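**Student:** Here it is, the structure in full.
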Amino acid sequence: MDFLTIVLGLLFALTLIQAFRSISTRGKNLPPGPTPLPIIGNLHLLGDQPHKSLAKLAKTYGPIMCLRFGSINTVVITSSAMAKEVLQKQDLAFSSRHIPNAIHAHNQFKYSVVWLPVASTWRSLRKILNSNMFSGNRLDANQHLRVRKVQELITYCRKNSQAGEAVDIGRAAFRTSLNLLSNTIFSKDLTDPFSDSAKEFKDLVWNVMVEAGKPNLVDFFPVLEKLDPLGIRRRMTIHFGKIIELFGGLINERLKRRMSDNSKNSDVLDVLLDTSQENPEEIDRVHIERLCLDLFVAGTDTTSSTLEWAMAETLKNPATMKKAKAELEEVIGKGKVLEEADVSRLPYLRCMVKEALRIHPPVPFLIPRRVEQDVEVSGYTVPKNSQVLVNAWAIGRDPTLWENPLEFKPERFMESELDIRGRDFELIPFGAGRRICPGLPLAIRMVPVMLGSLVNSFDWKLEGGISPKDLDMEEKFGITLQKANPLRAVPTPL
């Protein structure tokens, strides 16, 4: 069969699928939206910054709109009121995930707490995560690990300072986050905390995030699944395979040691292995490996990009930097590394983190939902099998909610009760409802300590003598929203 015959066959199949979709939604009161073109639907409207394109379209079509991306019906939510309807009032109806084809690599979607449907397996894994890793008691017990990792970050910056070299803030924060997780789970570093050498594992996790963030034709045209035309699932299979193999080796090493000397580390891996022995139907070896994969992929890039944006906004706004330094000097003393207990006494620092999360949410579209049946929202029908996107980026910049929304103004939170824990839908960087990010308790401990320690330990100048007002703040769209050009700044010790 020649290439032209394959293409013509696919086009015919796509036309049939779209005709069927049109028939299945006919007569339903769909949310408003732009008229789709044949085959591609509204894909031409996305561009390379979909969060911005869809926010702009929402100004025309409203806070709930319906588009078609290829053969996939997509409903986009762009207001806090609609987000509350979807994520709280009708949370269960919207709790399933729309699974990207890349996550089919190694059948990750069948084991992952991120992608599993809300059912018994998901509940068991979520409960294990909440009680054994992200509970207050467990986080308190592991505080010494986070202190050590932040100290290592400051030591790395000091080393660069002595050499007069700039620090790539995002990469340094990524390394810190990765080693924090690896020490919490495995009681060891998985990358060199002081340099970019021995960085294979770090690059593996980085590569997974890059592939997961790429637009994939198969996600818009599932009929192409077997072809995998962009090779994203194939590359993801390689990356996932290497990470799973590495975790498998660490688990084997631990099991061998437990058998030989009956010793335990009381880290997360030992707790998971104990749980597996006691209740093998609740969590098994494969689930442990895949839970680790979830944690490393979801917990490193989001933390590092949040810190990078917060530092970028602080450097771009000298008045913010001045206020932050004054508060830190008064409360804990100039030049000191923060401890977590200090954060409660640093209201301006907490507001800086909130403001960074408002204007630069780590995941611009909360991880896509999917409806299993027709669901009514605000008088409109969200048709069965639709993908549902909540544009957290647009909500955080909504001028009806925020005065001067594009300005970085931590002061806006000083007299505000708004919180980031999923109760206030004007500010939902971690989502809300039963699918809220399980790592939120760790993130809200880690980011302020890292940011405050960097600000309080050094004066910073942008690389190349760039003035703060000229700092490039362009975004690069992906599964996380990163700076298009990494933040590089030279530290001077205080």
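**Student:** For segment 318-342, which residues satisfy the criterion of being within 25 Å of the chain's Cα centre (by Cα) and either polar (S, T, N, Q) or not in a helix (DSSP H, G or I) (or both)?
**Tutor:** Correct list: Leu338, Glu339.
**Student:** Going by the structure shown, is Gly249 part of a helix (DSSP H, G or I) and under 22 Å from the mean Cα position of the chain (by Cα)?
**Tutor:** For Gly249, the condition - part of a helix (DSSP H, G or I) and under 22 Å from the mean Cα position of the chain (by Cα) - is not met.
**Student:** In segment 169-191, which residues are aromatic (Phe, Trp, Tyr) and either closer than 21 Å to Leu462 by Cα or touching a Ser or Thr at 6+ places or on another chain (Cβ under 8 Å) (or both)?
**Tutor:** Once the filter is applied, which keeps residues that are aromatic (Phe, Trp, Tyr) and either closer than 21 Å to Leu462 by Cα or touching a Ser or Thr at 6+ places or on another chain (Cβ under 8 Å) (or both), segment 169-191 yields only Phe174.
**Student:** For segment 97-139, how many residues meet the condition of being polar (S, T, N, Q), surrounded by fewer than 19 Cβ atoms within 10 Å (Cβ to Cβ) and over 20 Å from Val286 (Cα atoms)?
**Tutor:** Within segment 97-139, residues that are polar (S, T, N, Q), surrounded by fewer than 19 Cβ atoms within 10 Å (Cβ to Cβ) and over 20 Å from Val286 (Cα atoms) number 2.
**Student:** Right, something else. Looking at segment 31-51, can you tell me whether even one residue there is within 19 Å of the chain's Cα centre (by Cα) and not in a loop (DSSP other than H, G, I, E, B)?
**Tutor:** So far as segment 31-51 goes, yes, one or more of its residues are within 19 Å of the chain's Cα centre (by Cα) and not in a loop (DSSP other than H, G, I, E, B).
**Student:** Check off (1) over 30 Å from Met352 (Cα atoms); (2) at pLDDT 95 or above; (3) out of contact with any Asp or Glu (no Cβ under 8 Å at 6 or more places or on another chain) for Arg234 and give me the number that stays unchecked.
**Tutor:** (3)
**Student:** Can you tell which of Glu340, Glu355 is closer than 28 Å to Ala212 by Cβ, in contact with a helix residue (DSSP H, G or I) (Cβ under 6 Å, 6 or more places away or on another chain), in contact (Cβ under 8 Å) with a residue 12 or more places away in the chain and among the acidic types (Asp, Glu)?
**Tutor:** Testing whether each residue is closer than 28 Å to Ala212 by Cβ, in contact with a helix residue (DSSP H, G or I) (Cβ under 6 Å, 6 or more places away or on another chain), in contact (Cβ under 8 Å) with a residue 12 or more places away in the chain and among the acidic types (Asp, Glu) leaves just Glu355.
**Student:** In segment 21-36, is there at least one residue being in contact with a Lys or Arg (Cβ under 9 Å, 6 or more places away or on another chain), of a type outside the set (A, V, I, L, M) and modelled with pLDDT of 95 or more?
**Tutor:** Within segment 21-36, one or more residues are in contact with a Lys or Arg (Cβ under 9 Å, 6 or more places away or on another chain), of a type outside the set (A, V, I, L, M) and modelled with pLDDT of 95 or more.
**Student:** Has segment 269-286 got at least one residue that is surrounded by 17 or more Cβ atoms within 10 Å (Cβ to Cβ) and among the charged types (D, E, K, R)?
**Tutor:** yes
**Student:** Could you go through segment 150-157 and let me know if any residue there is closer than 24 Å to Ile103 by Cα and in contact with a helix residue (DSSP H, G or I) (Cβ under 6 Å, 6 or more places away or on another chain).
**Tutor:** No.
**Student:** Restrict the check to segment 308-330 and report whether at least one residue is closer than 20 Å to Leu181 by Cα, at pLDDT below 95, touching a Leu at 6+ places or on another chain (Cβ under 9 Å) and not aliphatic (A, V, I, L, M).
**Tutor:** no
This table checks each residue for (1) in contact with a helix residue (DSSP H, G or I) (Cβ under 8 Å, 6 or more places away or on another chain); (2) free of Cβ contacts under 8 Å to residues at least 60 places away in the same chain; (3) charged (D, E, K, R); (4) not in a helix (DSSP H, G or I).
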residue	(1), (2), (3), (4)
Leu54	yes, no, no, no
Leu57	yes, yes, no, no
Val76	yes, no, no, yes
Leu87	yes, no, no, no
His104	yes, no, no, no
Asn107	no, yes, no, no
Val113	yes, no, no, yes
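**Student:** Would segment 221-231 turn up any residue that is more than 25 Å from Trp115 (Cα to Cα) and either β-branched (Val, Ile, Thr) or not in a helix (DSSP H, G or I) (or both)?
**Tutor:** Looking through segment 221-231, none of the residues is more than 25 Å from Trp115 (Cα to Cα) and either β-branched (Val, Ile, Thr) or not in a helix (DSSP H, G or I) (or both).
**Student:** Here is a further query. Would you say Val205 is assigned to a helix (DSSP H, G or I), within 30 Å of Arg434 (Cβ to Cβ) and in contact (Cβ under 8 Å) with a residue 24 or more places away in the chain?
**Tutor:** Yes, satisfied.
**Student:** Restricting the search to segment 209-264, which residues are touching a helix residue (DSSP H, G or I) at 6+ places or on another chain (Cβ under 8 Å), closer than 24 Å to Leu190 by Cα and not hydrophobic (A, V, I, L, M, F, W, C)?
**Tutor:** Glu211, Arg235, Thr237, His239, Gly241, Lys242, Gly248, Arg254, Arg258, Ser263, Lys264
**Student:** I've got another one for you. In segment 255-286, which residues are in contact (Cβ under 8 Å) with a residue 40 or more places away in the chain and under 19 Å from Phe296 (Cα atoms)?
**Tutor:** Passing the criteria: Asp267, Val268, Leu269, Val271, Leu272, Ile283, Val286.
**Student:** Can you say whether Leu54 is at pLDDT 60 or above, within 25 Å of the chain's Cα centre (by Cα), closer than 22 Å to Ala83 by Cβ and of a type in the set (A, V, I, L, M, F, W, C), as far as the supplied structure shows?
**Tutor:** For Leu54, the condition - at pLDDT 60 or above, within 25 Å of the chain's Cα centre (by Cα), closer than 22 Å to Ala83 by Cβ and of a type in the set (A, V, I, L, M, F, W, C) - is met.
**Student:** Looking at Val223, is it within 30 Å of Thr74 (Cβ to Cβ) and more than 24 Å from the chain's Cα centre (by Cα)?
**Tutor:** Spelling it out, Val223 is indeed within 30 Å of Thr74 (Cβ to Cβ) and more than 24 Å from the chain's Cα centre (by Cα).
**Student:** Moving on to the next point. Output yes when any residue across segment 29-37 is touching a helix residue (DSSP H, G or I) at 6+ places or on another chain (Cβ under 6 Å), more than 23 Å from Ala392 (Cβ to Cβ) and polar (S, T, N, Q), and no when none is.
**Tutor:** Checking segment 29-37: not a single residue is touching a helix residue (DSSP H, G or I) at 6+ places or on another chain (Cβ under 6 Å), more than 23 Å from Ala392 (Cβ to Cβ) and polar (S, T, N, Q).
**Student:** Just the residues that are acidic (Asp, Glu) and touching a Phe, Trp or Tyr at 6+ places or on another chain (Cβ under 9 Å), please, taken from segment 135-167.
**Tutor:** Glu152 - this is the single residue of segment 135-167 that is acidic (Asp, Glu) and touching a Phe, Trp or Tyr at 6+ places or on another chain (Cβ under 9 Å).
**Student:** Under 8 Å by Cβ, and 6 or more places apart or on different chains, what pairs join a residue from segment 156-181 that is acidic (Asp, Glu) with one that is surrounded by 23 or more Cβ atoms within 10 Å (Cβ to Cβ)?
**Tutor:** Asp168/Leu487
**Student:** Within segment 252-277, can you find the residues that are assigned to a loop (DSSP other than H, G, I, E, B) and either among the basic types (Lys, Arg) or farther than 26 Å from Phe134 by Cβ (or both)?
**Tutor:** Asn262, Lys264
The values are calculated or read from the model by the stated rules, or taken from the named source; none is laboratory data. Just so it is clear, the structure is predicted and the values come from calculations on it, not from any experiment. We place every Cβ from the backbone using ideal geometry, glycine too, and count neighbours over all the protein chains shown.
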